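K.L.:
One structure follows; several queries about it will come next.
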Amino acid sequence: MGKLNYPSDEILNPSKLQRKNYDHIILWMLTNNESCEWSNFEQKPIEIPISTLSRHFTKLIFKGYIEKFARGQYKITPEGKKKFNELSKERKKERTLSYPPKIILKSGRNYSHWILWMVYNNGFCKRSDFLEEPFSINQSSLSKSLSSLIQKGFIINENKRYLITQSGKAEYSKILQQYNLDRQTILEEERKRIDEITINTSQFFDKFKITDDHVKFRFLNNVLKLDYSKVKAVLKNEEDFHKILLFLSINHPGFYPDYLSFEDFSRYYTIEKRILYFWVNEIVESDLYDLKFFKLEFSPDKYYYFHSDGKLEKILRAITEEHIATNKYLEKFGRSGSLNSIIDDILEEICKTIFHKQFKEPLREFLPGYIKYLAYKIETKKEFKETYDKLEGIIWQSMTDLIESQNSETLDAQYRDKIKDIDKEIKINPNNYELYNSKIRILLYFNQYSEVLTVVEKMKELFPEREVDIMIKKAYTLKKDKNLEEGLEIIEELLEKYPKNNTLYNYKAYWLSYLGKNQEALIILRGLIEKEPEKGIYHDTLGEILITLKEYEKAIEEFQRAIEINSDEWFIHQTYIKIGICYIALENIELAVQNLKIGKKLTSKIVSDIESKNKWLAIVDLFLEEIEVEEGIVL
């Protein structure tokens, strides 16, 4: 091999405030030389650490940017040259950035405030933008701040560029209120955000002939607070997302007796009922968004929705708090009101003022949970400065005790009892790996993520030989706690240590898909299938990602291949259900029903992992029920 060309020192050794771009260095070498050996990258002047080199080479090969043509010999592909040109242009492109006013920069190290200001006012920012003046944030603090903002859904990372989300824009508006900016500046910033959204919503109103001002207001309020980017990776159609928010806006208690059922709404607004039903429940029942929604079950198939901090909930909260406080004060004078009597008093007032009288019984069912929700909000206050704050804390602590005493089977009690039992077993047999697994399952079921991470650390000490399995549990826990980026970092670190572990690449494909990076996931999975064509799980994972891309026929082919290869594997019951879902999308109802029924039969036979079993049974029943309704057939 002749003399090699090397990148400039500016590329190899950027300023201390910038990270080396190893992808760019590797692609530069292979673009400017006919080929390179592995050792060329280990030696001076490149000197890339072996583990880092292995990770980047593996990634670039999977993405099809470089290829190995002989032992230890690599060359660049046409796709790799395109990628190299993109990286080079991005590096050379100069940007003029707008920076926060001095009042924000000088008010303390509010890194998250600085980051939100920058991504809002500059369209996007790169990591290096925050390492230099006027910020000079150190790497560790910057990583924590960026991860926190991503986890909260305020920013997203796309191709190493940080962009603000709709939720981030709302948070940015709140932040401005904390600074002594002039009123006009604050109003202008908020107006920019609202104008951007109302352009799109006005077109939506015109298209679907929405004329009621109250519906428009509630819809706009929901759009401003619920960020589409949080669900974009799964719910591809933004118009469907707006229809889901419209459903919540229309079915508000203030519109009683008017109501649009899931069936009527889906028919009138042309949205699949299962999509509508799933996402309404996801928004209302889960902690997907910070905005808390409440559901009133008027009848088994009729629900009304309202959210926290809206006019209705503020009035309801004020009335509820007043009755709770009154009851507590009068206890000192001999009055002793039960929870039921307090609820009766609240119902008497709210059904004359803010709710129609027909809501009385649904509200009777709703109020105990709502009172508990208010109690926990008060309990989690970090400090009680004023006398009334302290009194309020005592009052609501008492209400929590009262509710708990009337409901001994609370989740918290169940959780503590189960953990106590498993800890006794662990004390007797501390080296039983499965006992720790059982404890983790219980903690995950009750959403005790920080405790799971504590158990994981203990397991790492006791069972170092099971590092991969334990760290995947940690990554999964971070995913459940909406910290996807950190979960992916764990998998990347494992791959550096175990580059030949193909199961880890399968996990990585899943994580990339969770982050909306489906094309990268597809490259990894196709590489895995090429290496191990007789491993059914890879075909199954590939099929799932193809579903998210709406390539249903290709997905079916992968699922069927998985069944051919591993017909008795643990995941096959899910595979049949996923085939059925694909056939529904392709409008082949006969094959959809056939596969859904096989999937249901196999799922019913499962005797372990009951939570997963019940979830898949609920999914298959939902689809079969919808087919019965829409096709008019009895299954």
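K.L.:
Does residue 372 satisfy the criteria of being assigned to a helix (DSSP H, G or I) and either at pLDDT 80 or above or more than 38 Å from the chain's Cα centre (by Cα) (or both)?
P.N.:
no
K.L.:
Looking at region 17-62, what helices (runs of 4 or more DSSP H) fall wholly within it and have at least 1 residues that are in contact with a helix residue (DSSP H, G or I) (Cβ under 7 Å, 6 or more places away or on another chain), under 23 Å from residue 128 (Cα atoms) and of a type in the set (Asp, Glu)?
P.N.:
Correct list: 22-31.
K.L.:
With respect to the numbered conditions (1) in contact (Cβ under 8 Å) with a residue 40 or more places away in the chain; (2) more than 30 Å from residue 528 (Cβ to Cβ); (3) not in a helix (DSSP H, G or I), which one is the sole condition not fulfilled by residue 115?
P.N.:
Every listed condition holds for residue 115 apart from (3).
K.L.:
When residues of region 236-271 are filtered for being among the charged types (D, E, K, R), without any contact (Cβ under 8 Å) to a residue 12 or more places away in the chain and either part of a loop (DSSP other than H, G, I, E, B) or in contact with a Ser or Thr (Cβ under 7 Å, 6 or more places away or on another chain) (or both), how many remain?
P.N.:
Adding up the residues that qualify gives 1.
K.L.:
Scanning for something touching a Phe, Trp or Tyr at 6+ places or on another chain (Cβ under 7 Å) and of a type in the set (A, V, I, L, M, F, W, C), does region 464-471 turn up at least one residue?
P.N.:
yes
K.L.:
Name the residues in region 431-444 that are touching a Phe, Trp or Tyr at 6+ places or on another chain (Cβ under 9 Å) and assigned to a loop (DSSP other than H, G, I, E, B), would you?
P.N.:
Result: 431, single match.
K.L.:
Among the listed residues 41, 57, 84, which satisfies the condition of being under 29 Å from residue 526 (Cα atoms), in contact with a His (Cβ under 8 Å, 6 or more places away or on another chain) and not acidic (Asp, Glu)?
P.N.:
84
K.L.:
Could you say whether any residue in region 447-457 is of a type outside the set (Asp, Glu), outside any helix (DSSP H, G or I), within 28 Å of the chain's Cα centre (by Cα) and closer than 22 Å to residue 615 by Cα?
P.N.:
yes
K.L.:
Could you please find all residues in region 568-608 being within 28 Å of the chain's Cα centre (by Cα), of a type in the set (Ser, Thr, Tyr) and part of a helix (DSSP H, G or I)?
P.N.:
Of everything in region 568-608, those that are within 28 Å of the chain's Cα centre (by Cα), of a type in the set (Ser, Thr, Tyr) and part of a helix (DSSP H, G or I) turn out to be 575, 576, 583, 603.
K.L.:
From the list 501, 437, 483, pick out the single residue that is under 22 Å from residue 59 (Cβ atoms) and either surrounded by 14 or more Cβ atoms within 10 Å (Cβ to Cβ) or β-branched (Val, Ile, Thr) (or both).
P.N.:
One residue alone meets the criteria, 483.
K.L.:
Being basic (Lys, Arg) and without any contact (Cβ under 8 Å) to a residue 24 or more places away in the chain is the filter; apply it to region 515-534 and report the residue that is surrounded by the most Cβ atoms within 10 Å (Cβ to Cβ).
P.N.:
The qualifying residue surrounded by the most Cβ atoms within 10 Å (Cβ to Cβ) is 517.
K.L.:
Looking for whichever is touching a residue at least 24 places away in the same chain (Cβ under 8 Å), in the same structural domain as residue 176 (by TED's automatic domain parsing) and loosely packed, with under 12 Cβ neighbours inside 10 Å here; the options are 148, 128, 136. Which one fits?
P.N.:
136
K.L.:
When the residues of region 535-567 are narrowed to those that are of a type in the set (Val, Ile, Thr) and either at pLDDT 90 or above or in a loop (DSSP other than H, G, I, E, B) (or both), which ends up surrounded by the fewest Cβ atoms within 10 Å (Cβ to Cβ)?
P.N.:
565
K.L.:
Evaluate the following for residue 503: is it over 20 Å from residue 468 (Cβ atoms) and either in contact (Cβ under 8 Å) with a residue 12 or more places away in the chain or assigned to a helix (DSSP H, G or I) (or both)?
P.N.:
In short, no.
The values are calculated or read from the model by the stated rules, or taken from the named source; none is laboratory data. Nothing here was measured: the structure is a model prediction, and the numbers come from that model. Neighbour counts run over all protein chains shown; Cβ positions are idealised from the backbone, glycine included.
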